[in-house]
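Working notes, structure below.
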Amino acid sequence: MQAPSKPILEVRNLVKHFPLRGTSHVVHACEGVSLNVLPGETLGIVGESGSGKTTLGRCILRLIEPTSGEIIFEDVDITKLGRRQLRRLRSDIQIVFQEPLDSFNPQLNIGYQIAEPLLVHRYCNKAEAKRRVGELLGLVGLPEDFENAYPSGVSGGELQRCSIARAIATNPKLIVLDEPTSALPPGTEDEVIAVLRDLQEKLGLSYVFISHDLLLVRSLCRRIAVMYLGQIVELGERDTIFGNPRHPYTRALMASVLFPDPTQRRQAGQRGEQLEGEIPSPIDLPDACYLAGRCPHVRDRCREELQELTEVEPGHWVRCWRSAEGELTYHGPDSLPMERDQGGPS
Amino acid sequence: MLLEVKDLSIEYGSVGAPNHGVCAVSFSISEGEIVGIVGESGSGKSSAMLAVLGLTREGGRIVNGSVRFEGQELLGLTREEWRAFRGSSIGLVTQSPRAALNPVRRVGEQIAEVYRSHRKATKAQARERALELLRLVGINDPERRHDAYPHELSGGMAQRILIAIALSCTPKLLIADEPTSGLDATVQAQVLDDLRRVTREVGSSLALVTHDLGIVANYCDRVYVMESGEIVEESDVESFFARPAHPASLALLSKQQDSQDEALRLRGAPLDRIVLPSGCFLHPRCPFADQASGCMTEHPPLYDIGAGHRSRCHRHQTVRDALPSRYASA
């Protein structure tokens, strides 16, 4: 299924620690994340709040400096770039943030703000930039006269489309989408997603799509990485992650999806997949499986050693020794509420 | 019937040109039932449910209608009567639990306070009751959590405290207004599981106000769909999800499906309801609106389409058939 093309982005062993001021403690926001993104694909990053997915997205653009690790974009390790080279890189990698109102200056009109990256990157002169703004607005399905509007004068969905227009202004190859629809008023999510799909098709963009909305990720992404406490715990094709998840955390996450279909009702504590409690604080994590304290399948060994991300079948990686060694019995896709299924083995 | 609401209307803003928040809404909840009230934001679902407790948002007035609880008319109760009624016969669980809890008082005391204000109980008895409730809503180590302050609790735990407060006097009906918005997926499911379990255990009915049809499909017995201040569809959950019969329901559903189907969506955002459109209130936004069917001229009644499934749409037949088979589970 996976085309043997060369990845456009490779993240290797990315670590980001935030020191807690005045103490020797650190917050483990990213703890050895490795992944790659192929040209033209959408890689989904899912996880609960506090799992480090936003930090990862920002590190990819070096909006946050990683503590260690490599980020290789088109054969160049961008963690080693100087300021001027980094600036050139920024026209190739762009980001769309969660809250469009926070990412626009309220006192400047939208057209100016979409043109700004063009001028900063010396992409074209002012007259051409004006023409290009109209073109960009057209690409995200907005009329040209939007350039004269101000951020407060348009709806949340429209403004988010403007920030997408701004992100694609310099013809980037990769866009990090950090929860691009979570802060929008209900009902406008669809229009933004439709624009993203359309642009990917037209421009061949690669996306890193960060979201906590599993149903949305399922509809948009080809491969999915599941994060928990700064680590990727499972990575694979969409249908594998949804149909045959093998990490206990992914399985709990999948069992918590509420499908709008009463024939796929979730059973309380579905087949022993439920986790204890909630995501713990990411400060000073132990040299053990981070999920050990909450996992229904925990063994002594889980508390004694760090878990490695292991390839259990081609393209499917799991950070759980019990799963990798085939110790956890799984019942295939039917044990999760993907298909109509009430009973099933427990 | 535990709760019967008839022709409830709520207006906001000026008396001369009011915004019609809720327009002649009727619904009922029987004992032991879990009922979903769904709609997009601004559809009037929270307004209608808060009115059952005699509450309106700022600037709101209940202008018409009747709310009967166990046969007793509630609209027209005095302040004192409402005070005795709220929290003892009907409990309320709101969203954003941290905002609803008092940040400077221990959560156990906040549970006990409600209990003591409605029941004759000593402090020791109220404390016992609080601990019992903490256990009931699935909080580990209740003795320790009893003495915690809200900021020491996670979002899921804080929401459980609100549920414990709402249940303290064993109300017959619990109203939960978006009880899990803002919680993470795994926590949301756990809280809803616990909410369903405890309402069953104490024998209460539950009204779940939400915009998420996934919650309705998983936890409810019946559903009311609200749009433009009206109930536009009502049904048992199985029949509803098998073949929804109102454009507003399709729009909510297509939002949550793997769907790029433009034809099923409503256009734009909800309109303010100062001047109500002629005909069907939804027609300016509706992809099914049609001159010949009277959508622009005649206000649709709630058509009965069999077995308690009703839809306020002239074109309910077309709408029912519009749903691609991949959505339909029947």
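The values are calculated or read from the model by the stated rules, or taken from the named source; none is laboratory data. Please read these numbers as outputs of a predicted model, since none were measured by experiment. Reconstructed Cβ throughout: ideal geometry from the backbone, glycine too, with neighbour counts over all protein chains shown.
Residues that are within 27 Å of the chain's Cα centre (by Cα) and away from chain A (no Cβ under 14 Å), at least 2 per element: which helices (runs of 4 or more DSSP H) completely within region B:74-163 meet that?
Details: elements: B:79-85, B:97-100, B:107-118, B:123-136, B:142-146.
Of the helices (runs of 4 or more DSSP H) lying wholly inside region B:74-163, those with at least 2 residues that are within 27 Å of the chain's Cα centre (by Cα) and away from chain A (no Cβ under 14 Å) span B:79-85, B:97-100, B:107-118, B:123-136.
Can you tell me which residue in region B:43-73 is nearest to B:Pro270 (Cα to Cα), limited to those that are in a loop (DSSP other than H, G, I, E, B) and in contact with a Leu (Cβ under 9 Å, 6 or more places away or on another chain)? If you could, list the steps in order and put the result at the bottom.
Within region B:43-73, the first condition is being in a loop (DSSP other than H, G, I, E, B), and the residues that meet it are B:43-44, B:52-59, B:70-71.
Okay, now just the ones that are also in contact with a Leu (Cβ under 9 Å, 6 or more places away or on another chain), so B:52-57, B:70.
On the way: B:Val52: 24, B:Leu53: 25, B:Gly54: 25, B:Leu55: 23, B:Thr56: 20, B:Arg57: 18, B:Glu70: 34 Å.
So, considering only residues that are in a loop (DSSP other than H, G, I, E, B) and in contact with a Leu (Cβ under 9 Å, 6 or more places away or on another chain), the one nearest to B:Pro270 (Cα to Cα) is B:Arg57.
Within region A:134-143, is there a residue that is hydrophobic (A, V, I, L, M, F, W, C), under 22 Å from A:Lys16 (Cβ atoms) and in the same structural domain as A:Glu191 (by TED's automatic domain parsing)? Let's see the steps before the verdict.
Restricting attention to region A:134-143, the residues satisfying the condition of being hydrophobic (A, V, I, L, M, F, W, C) are A:136-137, A:139-140, A:142.
From the residues that got through so far, the ones that are under 22 Å from A:Lys16 (Cβ atoms) too are none.
No, that holds for no residue.
Scanning region A:167-192 for residues that are within 13 Å of another protein chain (Cβ to nearest Cβ), crowded, with 19+ Cβ neighbours inside 10 Å and among the hydrophobic types (A, V, I, L, M, F, W, C) returns A:Leu184, A:Val192. Scanning region A:193-209 for residues being of a type in the set (Gly, Ala, Ser) and away from chain B (no Cβ under 14 Å) gives a total of 2. Listed by position, the strands (runs of 3 or more DSSP E) inside region A:1-114 whose residues that are at negative phi and without any contact (Cβ under 8 Å) to a residue 12 or more places away in the chain number at least 2 are A:9-19. The residue of region B:216-240 that is nearest to the other protein chains (Cβ to nearest Cβ), among those that are hydrophobic (A, V, I, L, M, F, W, C), outside any loop (DSSP other than H, G, I, E, B) and crowded, with 24+ Cβ neighbours inside 10 Å, is B:Ala217.
Across region B:285-326, which residue is modelled with the highest pLDDT among those that are of a type in the set (Gly, Ala, Ser) and touching a strand residue (DSSP E or B) at 6+ places or on another chain (Cβ under 8 Å)? If you could, list the steps in order and put the result at the bottom.
First, pick out the residues of region B:285-326 that are of a type in the set (Gly, Ala, Ser): B:289, B:292-294, B:306-308, B:311, B:322, B:325.
Keeping just the survivors that are touching a strand residue (DSSP E or B) at 6+ places or on another chain (Cβ under 8 Å) gives B:307-308, B:311.
Working: B:Ala307: 86, B:Gly308: 90, B:Ser311: 96.
Per the stated criteria, the residue is B:Ser311.
Checking each residue of region A:292-308 against the condition of being away from chain B (no Cβ under 14 Å), free of Cβ contacts under 8 Å to residues at least 24 places away in the same chain and closer than 20 Å to B:Ser154 by Cα gives at least one match. Please determine, by comparing only the residues of region A:216-253 that are farther than 17 Å from A:Lys53 by Cβ and in contact with a Phe, Trp or Tyr (Cβ under 9 Å, 6 or more places away or on another chain), which one is farthest from the other protein chains (Cβ to nearest Cβ). Looking at the filtered set, the residue picked out is A:Asn244.
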